[in-house]
Amino acid sequence: MFQRLRAIAGPLLGLILFAAAIVLLVREAQEIEWEDFVAGLTGVPRIYLAFAALLIALNYCLLMTYDLLALRYVRRALPLRRVALVGFLGYALGNNLGTLIAATPLRFRFYSSWGVPPRQVMAICILLGLTFWSGVSWLGGIVLLAVPLELPAGIDLPVSTRVLGGCLLSLGIFYAAVCIFWQRPLPIRTLHVRPPRPSLMGLQTSVAMLDLTISATALYLVLPPTATVPFALVLAAYLVGIAASLLTQIPGGLVVLELILLKLLEDSVGKAVIGSLLIFRLMYYVAPLLIAVPVLFIYELLRARAARRQAKEVLSTKY
């Protein structure tokens, strides 16, 4: 009974948070003039959109490095084309449908079919999460300490964003200390995962920080050209939004990410920021998904055809 309650508690909480976020976003959107929304959608110069698209493409190429580092951790070598395929599909689908719903099952299916044992696939998924959150801890801590966010009216936190930055940085330092001084296996569910070596930990943090900076830069480029907002503020708001949206486990952080960024940036950017957020959602989330779905379909089709051909060859040699 208790396990059944635990199984439904997470999805139920996510559904409640999603509904609450929709209500709040609709309430905020009612205060935005249609002209401001259109200005946010159409006011971005095409050259900025092109640069943003280029950065997003570069970012998805960089995301492949997460899987490369995880494979290095479990001491498995796979052809680069396979790692690139699972990395792109994993993040394009996971960013939109959720890590637990899409990205993790996809990695289990692909890596298992390529000879990686299930326990190592689980270790790979754990390391992917550690890589991302190590980048959030270090980059978020440094940025919020250097450029603390001014929270808009109506949003009260028990601590200041500078204190929050200090907590994030402390988590990053703690993870680094564990990797340097504690090389014993840590029990994570049924696994006993050894902390990564310091060299691998340094690569993890660097890759994740670069990943987050590139995606925040793409968001910065699609803001209205009339906005005079420092990049550090956009980066800090983006880090808070992406972390909060992932913690809610709502697929793609849909509505949650937009709501947080709207609240944190509307005083600096203006009401037109809602149009910019829609552009960013389409470019960073929807466009890769539209590419990933047919790629996955074609791959599965070719794989099924190869399996049938192999079965026919086995039957012909047997008889």
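The values are calculated or read from the model by the stated rules, or taken from the named source; none is laboratory data. This structure is a prediction, so every number in the text was calculated from the model and none was measured. With ideal geometry, Cβ positions are generated from the backbone for all residues, glycine too; neighbour counts draw on all protein chains shown.
Laid out as a table, the results:
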| item | result |
| --- | --- |
| Within the stretch 106-136, tally of residues that are touching a residue at least 60 places away in the same chain (Cβ under 8 Å), surrounded by 17 or more Cβ atoms within 10 Å (Cβ to Cβ) and not hydrophobic (A, V, I, L, M, F, W, C) | 3 |
| All positions within the stretch 165-184 that are assigned to a helix (DSSP H, G or I) and not hydrophobic (A, V, I, L, M, F, W, C) | Gly165, Gly166, Ser170, Gly172, Tyr175 |
| Conditions (1) in a helix (DSSP H, G or I); (2) over 22 Å from Leu128 (Cβ atoms); (3) without any contact (Cβ under 8 Å) to a residue 60 or more places away in the chain; (4) in contact with a helix residue (DSSP H, G or I) (Cβ under 8 Å, 6 or more places away or on another chain): number failed by Ala216 | (2) |
| Total residues in the stretch 103-120, condition assigned to a helix (DSSP H, G or I) and more than 18 Å from Arg303 (Cβ to Cβ) | 5 |
| Leu210 vs. criteria modelled with pLDDT of 85 or more, among the aliphatic types (A, V, I, L, M), assigned to a helix (DSSP H, G or I) and more than 14 Å from the chain's Cα centre (by Cα) | no |
| Residue check for Ser245: modelled with pLDDT under 80, assigned to a helix (DSSP H, G or I) and under 15 Å from the mean Cα position of the chain (by Cα) | yes |
| Qualifying residue in the stretch 147-164 (condition: at pLDDT below 85, outside any helix (DSSP H, G or I), among the polar types (S, T, N, Q) and in contact with a Lys or Arg (Cβ under 7 Å, 6 or more places away or on another chain)) | no |
| Selected residue (only one of Val255, Val293, Val286, Val234 is out of contact with any Cys (no Cβ under 9 Å at 6 or more places or on another chain), buried (at least 20 other Cβ atoms within 10 Å of the Cβ), modelled with pLDDT of 80 or more and within 23 Å of Tyr60 (Cα to Cα)) | Val234 |
| Selection count where residues are without any contact (Cβ under 8 Å) to a residue 24 or more places away in the chain and outside any helix (DSSP H, G or I), scope the stretch 264-309 | 0 |
| Any hit, the stretch 92-104, residues being among the β-branched types (Val, Ile, Thr) and more than 15 Å from the chain's Cα centre (by Cα) | no |
| Arg197, sole failed condition from (1) among the charged types (D, E, K, R); (2) modelled with pLDDT of 85 or more; (3) buried (at least 19 other Cβ atoms within 10 Å of the Cβ) | (3) |
